[in-house]
Amino acid sequence: MKKGFIPIRPDEFADFIFEECPDLNRAEIVEEILYAKSEYKKGKRCDCGEEIWVAGAALAGIACFKCITGQDEPYEDFEIEGCCEPPGGVGEKNNKKQERPNRRRRPRR
Ligand SMILES: [Zn+2]
């Protein structure tokens with residue numbers, strides 16, 4: 001299970017990268033993201049055995065977060081929507097219910 005990622009749509013992420021690196025080809029960025037996503041969905045893993053970090057793999061090649069960044073855990077890093085869960089696992093359909101604590105304060109009489 002991947003933790004610490006912020007889900008982002010492929011086109012949003014492409015915009016984000018394109019803003020950072022305007023010399024890149026936006027269409028190619030999208031292609032790379034979708035390619036990395038499809039590899040992830042097929043169950044492909046990093047050489048070290050970890051799950052692929054799709055957002056990073058789009059830029060750095062198929063690998064996991066740790067191998068790409070050298071950091072142990074992501075902290076508010078982006079990950080492509082639908083790739084935050086294990087492939088073939090919970091999936092996108094089973095969105096978490098937004099549970100709001102429903103505390104009503106009743107004035108004491
Ligand atoms: Zn790795």
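What follows draws every value from the coordinates through simple rules; no lab data is involved. If you're wondering where the values come from, they're calculated on a predicted model, not measured in any experiment. Virtual Cβ from ideal backbone geometry, glycine too; neighbours counted across all protein chains shown.
Note on region 5-80: Cα convex hull, mean projected area over all directions, 4.7 nm².
As a proxy for reagent exposure, D15, D77, D72 were ordered by neighbouring Cβ count within 10 angstrom, fewest first; the result is D72, D15, D77. Rounded to the nearest 20, the Cβ-based charge dipole of region 5-80 about its Cα centre (Lys and Arg +1, Asp and Glu -1) stands at 440 debye. Converting phi to 3J(HN,Hα) with the Karplus coefficients 6.51, -1.76 and 1.60 and the offset θ = phi - 60°, region 24-34 yields 7, 8, 4, 4, 5, 4, 4, 4, 5, 4, 5 Hz in sequence order, with x at every glycine or proline. Each Lys or Arg adds one and each Asp or Glu takes one away; over the other residues whose Cβ falls under 14 Å from the Cβ of C64, this sums to -3. Put +1 on the Cβ of every Lys and Arg and -1 on every Asp and Glu Cβ in region 5-80; which of P22, F5, Y35 then has its Cα farthest towards the positive end of the dipole? Farthest towards the positive pole: Y35.
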